[in-house]
1. If you wrap chain A's Cα atoms in a convex hull and average its projection over all directions, what's the area in nm²?
2. Near the amide H of B:Ser86, under 5 Å away, which other amide H atoms are found, from residues 5 or more places off or on another chain, if H is placed in the peptide plane?
3. Convert 37 °C to kelvin, take the viscosity as 0.692 mPa s, use the Kirkwood radius over C-alpha pairs of the protein assembly as shown as Rh, and evaluate the Stokes-Einstein diffusion coefficient in µm²/s, rounded to a whole number.
4. Taking the Cα centre of chain B as origin, work out the dipole magnitude from +1 charges on Lys and Arg Cβ and -1 charges on Asp and Glu Cβ, in debye rounded to 20.
5. What's the percent breakdown of Cα-Cα distances in chain B across 5 Å bins, shortest bin first?
6. P(r) of the range B:1-63 in 10 Å steps, Cα pairs, percent per bin?
7. Of the cross-linked pairs A:Lys68/B:Lys41; B:Lys18/B:Lys38; A:Lys70/B:Lys36, which ones have a Cα-Cα span greater than 23 Å in the structure shown?
8. Under 8 Å for C-alpha pairs, at least 6 residues apart: give me the relative contact order for chain B, rounded to a whole percent.
Amino acid sequence: GEDVEQSLFLSVREGDSSVINCTYTDSSSTYLYWYKQEPGAGLQLLTYIFSNMDMKQDQRLTVLLNKKDKHLSLRIADTQTGDSAIYFCAETPSYSGAGSYQLTFGKGTKLSVIP
Amino acid sequence: DTEVTQTPKHLVMGMTNKKSLKCEQHMGHRAMYWYKQKAKKPPELMFVYSYEKLSINESVPSRFSPECPNSSLLNLHLHALQPEDSALYLCASSQLGESEQFFGPGTRLTVL
């Protein structure tokens with residue numbers, strides 16, 4: 001079945017790097033996503049990686065994908081207090097038909113940045 | 001315009017009220033989604049519209065009634081809700097054939 005696992009909490013000091021981990025089960029996923037949700041807000045798409053890639057870098061964000069272990073990570077360099085939020089990993093194993101896809105989300109990792 | 005907008009931002013309603021949530025996007029996306037998100041939980045898919053037609057209903061109670069009047073608008077009509085329906089309701093959209101979904105800011109619904 002489809003399942004995405006994340007650790008629930010991560011606390012880092014401002015200026016350090018944060019690494020948020022995610023494991024997924026569906027090897028047919030073509031894209032894997034990281035979304036950020038600040039308190040009371042919607043989900044902001046941060047970055048994504050295509051399943052035939054190992055790594056993707058976008059400014060302070062680095063996504064690593066280990067397909068063999070079905071492990072995805074998001075590294076945030078020089079973490080700032082504004083990075084405090086919940087981070088959701090999501091996979092897209094399911095084509096819903098008629099051109100749409102279903103996202104399967106992890107439970108989210110709450111990142112707390114200590115000044 | 002690269003955003004999904006939702007109104008109202010907050011809504012408080014009684015169990016006998018009828019209200020509607022609105023979602024709008026002008027990115028030309030032809031797939032639109034409603035999600036429900038309870039506190040400290042991930043979003044749960046409720047409905048999917050493709051080409052303005054309902055393509056997925058995730059066994060949502062009939063007190064939630066979606067409507068897609070045109071390719072830019074998505075409504076969620078609410079009637080006779082229960083307190084446990086209190087949640088953040090998120091709208092999202094995507095290009096057909098692409099899995100990347102763009103989310104709105106959500107409507108915080110409280111049912112008294």
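1. Projected area, direction-averaged: 7.3 nm².
2. B:Val111
3. Here the translational diffusion coefficient equals 181 µm²/s.
4. On the way: 12 positive and 11 negative charges, 93 e Å.
Once rounded to the nearest 20, the dipole reads 440 debye.
5. It works out to 2, 13, 24, 27, 19, 10, 4, 1, in whole percents.
6. Per 10 Å bin, starting at 0, the Cα pair percentages come out as 16, 45, 35, 4.
7. On the way: A:Lys68/B:Lys41 28 Å; B:Lys18/B:Lys38 21 Å; A:Lys70/B:Lys36 27 Å.
Listed pairs above 23 Å: A:Lys68/B:Lys41; A:Lys70/B:Lys36.
8. Worked out over chain B, it gives 37 percent.
FYI, it's all coordinate maths here, none of it is from the lab. The shown structure was predicted, so the numbers you read here are calculated from the model rather than taken from an experiment. Here the Cβ is made from the backbone with ideal geometry for all residues, glycine too, and neighbour counts use every protein chain on show.
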